[in-house]
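Reviewing the structure listed below.
The values are calculated or read from the model by the stated rules, or taken from the named source; none is laboratory data. Because the structure is predicted, anything quoted here is derived from the model rather than measured. Note that each Cβ is placed from the backbone with ideal geometry, even for glycine, and that neighbours are counted across all protein chains shown. Protein only, heavy atoms only, side chains kept; ligands, DNA and RNA dropped before computing areas. Shrake-Rupley method; radii C 1.70, N 1.55, O 1.52, S 1.80 Å.
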Amino acid sequence: MKASIIIAGLAAAFTFSGCTKDFESINTNPNSPAVTRPEYHLTQAITQTAYAYAENGFARRPAALGRYITLIRNNDYELFRWTAVDWSDIYQRAMIVKTMQQEAAVTGQPAYTAAGKVLMAFNMAYLTDLYGDAPWSKALQSVENGNIKPVYDSQEDIYRSLLSLLKEANTELKNNGAGIDAKADAMFAGSALKWRKLANSLRLRMLLRCAKNYPTAWTEMQEILSNSTEYPIMGSNADNAEVPYQGVKKDDSWTGGPLNMIDNDFQKTKASKELVDALITRNDPRLELWIAPVSSREGATIDKNLFVGIPHAYTNPGDYNGGESHQSTLSSYFRQNKPATFKASLMLWSEVCFIAAEAIQRGKVTLSGQTAESMYLSGISSSMEYYGLTAEAAKRSYYEQPAVKYNGTLEQLITQKWIAMTFRGAEGWFDFRRTGYPAFVAGPMAFQKTFPVRYAWPTTEQDVNIDNYNAAIKAFGADDINTKMWYLR
C-alpha cells in the first residue's frame, strides 16, 4: 500500500487487520454497527504497537545498530548498506489509534481518547526518532479534508506537539480515567494510574533525548520528578508497559521463536561480541540466561571461552573462531514463541531509573531521597529482578565489582542501561547515537566508518508526495542516513 495513502488516513482500511477486500460491501452491511466500540481498537493498537516495537529491537536495523545480535548472512543492516525504509506500518498503527479516539468521542468515553494520546505519542515519537522530519500535523486527514499529500513537520515541532499530547493525557486520565475495559487493555488491565505513569515516563524519555536543543527540557523534567501526585511515573517492574506474547500464531509470538524464525534463521542470528564481552567482563548472570554456550571449545581459533560473540561487519563471519560450533547463538530463553518472562514492552521501570540517574548525574535535576548512584543501582537491580536473577547477582557480589560499582561516568551508566535495554526497541541505538556510549566501532567490512543516524524517507514519497518531499529536504537536509536530525545537531 502506498505510503501516502497510509499517511492520509483511510481509517476503516486499518480497522480490520489491514484487509481491504470487499471494503465497500463490508462497510455498508445493514447488520453491522455504524460505529464500533473503542475498546476493540484499544486492544489492536496496544498489541500491534508493542509487538512491532519489540520486533524492531530483535530483527531489524535497531538490533544491529544497538549491537545486540550479529547477522551471519544477509547482514546489510550492520554493513550500513541501507536503502530507504517504509513507514506505513507506523502510520497504520496511528490510524488505528485515531479511529479509536473518534469512536470514543461518539460513545462518550474520554478515557479511551486520553489513552489514545499516549499511544499516538509513542508511535509518532518513534517515527520521528527514526526519520527526523516527517508528516504529522497534516497527516491522517484524507477523510476529513481530502489531504493525501501532507507536508512534513520539523522534528522540533513534532516533539513539542507530542510532549504536549502526553501532558494532556496525564491530566485527562487523572480527571476522567475511569471506564477503560480491563479485558481490552492488554497492557494495564484498565488502570488509569498506570497509563498516567507511562505518559509521564515517556515524557522523561523524550525530554532527555531532546535536551541538547530543547531549552526547557530539564525544567520540564524537574517538574515531573518533583510532583509525583500530579505527574506519577513508573516506580517498579509492576508498572512496566508491556504485553505478554500469546505464542499461538506468528503475529502474537516472540520474533525469535519458531513460529517467526525457521531453522536457518536461528543459525543466521548470533550473539554479538559487544554484548557477550560486556556480560563476561562483569560476570553478569544475564549471560547464562540470554546466551547459549558454544558446542565445542576444541579447535577454536580466536576465542576459547564458553561463550563467544561474533564481531559485526566481519569478513566471513560464519567462519569466525573456527566456524559455527565455536560461536554462541542466543539461548533457548529467546528461542520460544512465548518466553517465560520476556514480554513486548513500550517502556520499562529500569529505563526510567537510568533516565533519572543520568539527569541527576549531569546536575540538571534532583529527585527527593535519591542520588544518581541510587537510581543507577535501581536500574540494574530492576533488570535483574525482571529476569529472576536478584539472588544470583547478590551471590556473585555483582554490584561490588569495579566495572559495576558506581563511578559517576556517563560511559558506565549508559553501558548498564544498554545491557538492560537488550532487545527493547531501538533504545540501545538511540542512546549510542546521542551519547557515543557504549563505544561501538564499525566493522572492517562496513560501507562507512560512522554509524547511520536515521532512516531515509520511503521511496514512495518521491512518487506520491514529491513537492513536500523536496520541501522537506530544503528544510531538513539531504535524505541520507548520515544527516543529523534536530535534537542531535
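Key figures for this structure:
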{"read-out": "Residue list for region 69-107, given a label point 7 angstrom along the Cα-to-Cβ vector of I280 and an amide N cut-off under 17 Å", "value": "69-70"}
{"read-out": "Span-like helix ranges in the chain, DSSP H, alpha carbon extent 20 angstrom or more, Kyte mean at least 0.5", "value": "110-131"}
{"read-out": "Centroid-to-centroid separation of region 352-408 and region 117-174 [C-alpha atoms, Å]", "value": "33 Å"}
{"read-out": "With at most 14 neighbouring Cβ atoms within 10 Å, loop GluC sites (Glu not before Pro) (DSSP) excluded, longest segment of the chain", "value": "1-229"}
{"read-out": "Inter-label distance for T107 and A182, nm, one decimal - labels placed 7 Å from Cα along Cα-to-Cβ", "value": "1.8 nm"}
{"read-out": "Modelled FRET efficiency - R0 35 Å, Y40 with K449, Cβ distances, 0.05 increments", "value": "0.10"}
{"read-out": "Per residue, the convex hull volume that the Cα atoms of region 316-412 enclose (Å³)", "value": "181 Å³"}
{"read-out": "Accessible area per residue, Å², region 82-185 with all protein chains present, probe 1.4 Å", "value": "35 Å²"}
{"read-out": "Loop sites in region 368-462: trypsin sites (Lys or Arg not before Pro), DSSP, at most 14 other Cβ within 10 Å", "value": "K405, K449"}
{"read-out": "Calculated FRET efficiency for the pair D463/D157, C-beta based, R₀ 25 Å, to 0.05", "value": "0.50"}
{"read-out": "Carbon and sulfur %, accessible surface of region 263-334 computed with the full protein complex present, 1.4 Å", "value": "46 percent"}
{"read-out": "Inter-site label distance for Y399 and T435 at 7 Å from Cα along Cβ, in nm", "value": "1.9 nm"}
{"read-out": "Mean ellipticity per residue at 222 nm, deg cm²/dmol - from DSSP H runs of n ≥ 4 across the chain, formula -39500 (n - 2.57)", "value": "-14000 deg cm²/dmol"}
{"read-out": "Potential lengthening between N237 and K250 on full extension [0.36 nm per residue; Cα-Cα distance subtracted]", "value": "2.0 nm"}
{"read-out": "Computed label-point distance, nm, for sites L193 and L410 using a 7 Å Cα→Cβ extension", "value": "3.6 nm"}
{"read-out": "Added length on full extension, which subtracts the Cα-Cα distance from 0.36 nm per residue, R73 to T219", "value": "47.9 nm"}
{"read-out": "Qualifying trypsin sites (Lys or Arg not before Pro) for region 262-327 [loop in DSSP, other Cβ within 10 Å: at most 16]", "value": "R297, K304"}
{"read-out": "Accessible area of region 430-489 divided out per residue, in Å², using a probe of 1.4 angstrom", "value": "46 Å²"}
{"read-out": "Loop sites in region 112-186: trypsin sites (Lys or Arg not before Pro), DSSP, at most 12 other Cβ within 10 Å", "value": "K183"}
{"read-out": "Relative contact order computed over region 263-334 (Cα-Cα under 8 Å; 6+ residues apart), in percent", "value": "41 percent"}
{"read-out": "I280, I360, reordered so the largest accessible area comes first (probe 1.4 Å)", "value": "I280, I360"}
{"read-out": "Equivalent ellipsoid dimensions for the chain as semi-axes, Å, which come from the Cα gyration tensor, largest first", "value": "36, 27, 23"}
{"read-out": "FRET efficiency for K484 and T366, using Cβ-Cβ distance with R0 set to 41 Å, rounded to 0.05", "value": "0.85"}
